[in-house]
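Note sheet for the following structure.
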Amino acid sequence: MLRREMVMGLVAVGLAACSAPSNRALGPDGLPLPTAYVIRPGDEAAIQFRMLDSVNALRRTAGVPLVELDARLNAAAATHSRDMAVQNRPWLFGSDGSSPLERARRVGFPGRLLGENISESFESELQTLGAWMAQPDTRAVILDPDARFMGFAWFQEESAKLWWTLNMGSDPSVRQPIAGFSF
């Protein structure tokens, strides 16, 4: 009896795979065109923790300490993501001339801001993380051995365009300026 149910289940799965193709548009190469990544209300925490877990997996592999989310750095990242959308350009300075360091101070982050990664895309957070890891300067921010805290946020336009911001910060006891680095 169990064997019969398993066979019927496999047949049902096989028939489901033969169902009508999706209505997704195809590109000139015959492959489905990419669709915009749309973040639904209520997905914020899941996305932040998925990014945190992914960043920590990369940091673990690199042999550097893990980081934790910091609400203040999340707030600075959210503010900057929205501001980049208003300015319609991905860059490190706010419309008020603020630097990443100033934004971290404004939200009361007590440590040292080590770096900020930004992106303008229609891609998911994990695709964006992959793009950051492919570039030496943004990979260095993610894998900075002094980082203990991470802020991560985004702003999504009605067109589904996403403005991503990731901040990395040190422990509050490490407050000295970064040599040769200025915002």
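The values are calculated or read from the model by the stated rules, or taken from the named source; none is laboratory data. As the structure is a prediction and not an experimental result, all values here were calculated from the model. No Cβ is skipped: glycine too gets one built from the backbone with ideal geometry, and neighbour counts run over all protein chains shown. Ligands, DNA and RNA are stripped out before the accessible areas are found, and what is left, the full protein with its side chains, is counted by its heavy atoms. Shrake-Rupley method; radii C 1.70, N 1.55, O 1.52, S 1.80 Å.
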Please determine, by comparing only the residues of the range 128-157 that are part of a helix (DSSP H, G or I) and in contact (Cβ under 8 Å) with a residue 60 or more places away in the chain, which one is most open to solvent (accessible area, probe 1.4 Å). MET133
Say whether the condition of being at pLDDT 95 or above and over 19 Å from HIS80 (Cα atoms) is met by at least one residue in the range 168-176. yes
Determine, yes or no, whether THR79 is at pLDDT 95 or above, exposed (fewer than 11 other Cβ atoms within 10 Å of the Cβ) and either closer than 18 Å to LEU129 by Cα or in contact with a helix residue (DSSP H, G or I) (Cβ under 8 Å, 6 or more places away or on another chain) (or both). no
Determine whether the range 158-169 contains at least one residue that is under 16 Å from the mean Cα position of the chain (by Cα) and exposed (fewer than 14 other Cβ atoms within 10 Å of the Cβ). yes
For the range 95-119, give me each residue that is among the charged types (D, E, K, R) and crowded, with 17+ Cβ neighbours inside 10 Å. ARG103, ARG112, GLU116
Of these, LEU66, LEU92, LEU58, LEU73, which one is part of a helix (DSSP H, G or I), open to solvent by 20 Å² or more (accessible area, probe 1.4 Å) and either of a type outside the set (Val, Ile, Thr) or touching a residue at least 24 places away in the same chain (Cβ under 8 Å) (or both)? LEU58
